[in-house]
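Down below is the structure, laid out as structure tokens.
The values are calculated or read from the model by the stated rules, or taken from the named source; none is laboratory data. Note that the coordinates shown come from a computational prediction; the quantities given were computed from them, not determined experimentally. Backbone-built Cβ (ideal geometry, glycine too); neighbour counts: all protein chains shown.
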Amino acid sequence: MKNNKLLPKLTRRLSLSGLNSETSSLKRVLGPYGLIAFCVGNTIGAGLFSLTGIAAAQNAGPAVVLSFIISAIACGFVAFCYSELAGMMPISGSTYTYTYVAIGEFMAWIIGWALILEYAVGASTVAVSWSGYVVSFLATWHIGIDPRLSASPFETVQLANGTIAHGFFNLPAVAILSAVSILLIFGTSKSSFINTVIVIIKLIIIAIFCLFGFHYVNYANYTPFIPPNNGTFGHYGFSGVMRAAGVIFFAYVGFDSLSTAAQETKNPARNMPIGFLGGLFITTLAYVAFSFVMVGLVNYHDMVDDAAPVATAINHTPYVWLQLAIKLGIIFGFTSVLITLLFGQSRIFFTVSQDGLLPRFFSITHSRFQTPWISNLFIMAFTSFLAAFFPISELGHMTSIGTLFAFVLVCLIVMILRRKEPDHPRTFRVPGGDIIPIMGVLTSGTIMLCLDIATWIRLITWLVLGIGIYFLYGIKHSKLAHHEISYEA
């Protein structure tokens, strides 16, 4: 009897008609170009500047170029599906809201909880990397800061007098997280404009690297293009190409972040597909060109233990000034990633809180700026704590498994809603029936299965914690539990 009462609570769904009739306290300011810049800003960052060398050295060799293409193909299928759903439900919750409408509350909470971890820990990790590049960039101008103020207490640093000491906390990482959070509080239009400028600068830097570096490519580095597998799954060969596609998939979370901006987009039915597909096209070109030049400049074997493969690649050219330009480009790249990660995180908090699954104060918007400022401040404090006191090696991250999980669900939800809500207006419809959604499930699911067991363990551990929070708080405080919003059993 108890199970009979519990199941309806877990599977209660938001009403699609009621959802679209709700008014929003968020301001619609984003157009198609802002959305493309938003997507590109989050996509081109850590994946390009850090993970390319790791994936090439440990998994795919020069064929890391193919890994980027495979990931882009999977993203292409999912981008079509996101476009259809964003036109049906132009709200901030992204995959969380789509799941709430199509499958039910419990599954929606699970995916929302996975995205919360991915955005928060991802932002903290990027902030620590940003700090390292800023310190390095300032050092070239003979501007130094106490190394203990750019390292966590778990790390040791060498002081100017040669002694070894433990770090205090990572001050630059906290500074950039605070600055971006405050920028987001001041308004989406302001942060979108700054993000667009950063993206343009970043693309110019990438183009310069490719143009000047191409002339010094050693074509022998491309042979063998797909190194033979060494007997272990994921270490070279085709399995290595697929494992690398999973490793670098973290760079494609820009698509999910973009869907969180639907409620602040002008004419989302028209502009969201432009943002998804336009952003994917630009980022794929940048990834393929950049990775092709990098593995041509440096043999993949030489990047096994290289923490800065881009700098190593530049050293194979005679252009000293290019090193400074690339470092500056990386700093800009990480900054735009932080803008979109923190934006997406706050909007997930905002929407989950509106539904009652998190405390209501997370959905309070600022009277003047019309942004979820309490969510921004909470996320600023949480991510700053992680970035200040934990090194990257301890922080870890869910890499791409949370994103792939969301992508699989998005493709399934398109097919589910076509059967549950066949007559609901769709301003954009994925062509070809169920073919593209099915391909999205297969490609994203395959890449997901190629990830290592440690990543799966971290995901399962976090989800178990989330399930506990749901049964202790969310299931009792849900708006659907009190019939505050329309729903379907």
Exercise for the section: Only helices (runs of 4 or more DSSP H) wholly contained in region 45-141 count here; list those with 1 or more residues that are over 28 Å from residue 295 (Cα atoms). Expected result: 64-88, 95-102, 105-140
Fill in the blank from the handout: When region 400-429 is checked residue by residue, the ones that are modelled with pLDDT of 80 or more, farther than 30 Å from residue 247 by Cα and crowded, with 17+ Cβ neighbours inside 10 Å are 417, 418
Exercise for the section: Say whether the condition of being farther than 26 Å from residue 229 by Cα and under 16 Å from the mean Cα position of the chain (by Cα) is met by at least one residue in region 64-71. Expected result: no
Practice task
Evaluate the following for residue 180: is it at pLDDT 85 or above and crowded, with 16+ Cβ neighbours inside 10 Å?
Solution key: yes
Exercise for the section: From 279, 231, 237, grab the single residue that is surrounded by 24 or more Cβ atoms within 10 Å (Cβ to Cβ) and at pLDDT 75 or above. Expected result: 279
Completion exercise
Across region 413-446, the tally of residues that are in contact (Cβ under 8 Å) with a residue 60 or more places away in the chain and either in contact with a His (Cβ under 7 Å, 6 or more places away or on another chain) or not in a loop (DSSP other than H, G, I, E, B) (or both) stands at 12
Practice task
Just name the residue that is surrounded by the most Cβ atoms within 10 Å (Cβ to Cβ) out of those in region 362-389 that are part of a helix (DSSP H, G or I), touching a Leu at 6+ places or on another chain (Cβ under 9 Å) and of a type in the set (Val, Ile, Thr).
Solution key: 383
Practice task
Would you be able to say whether some residue in region 334-355 is over 13 Å from residue 180 (Cβ atoms), in contact (Cβ under 8 Å) with a residue 24 or more places away in the chain and in a loop (DSSP other than H, G, I, E, B)?
Solution key: yes
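Within region 190-235, work out how many residues are in a helix (DSSP H, G or I), in contact with a Pro (Cβ under 9 Å, 6 or more places away or on another chain) and among the polar types (S, T, N, Q).
Result for region 190-235: 1.
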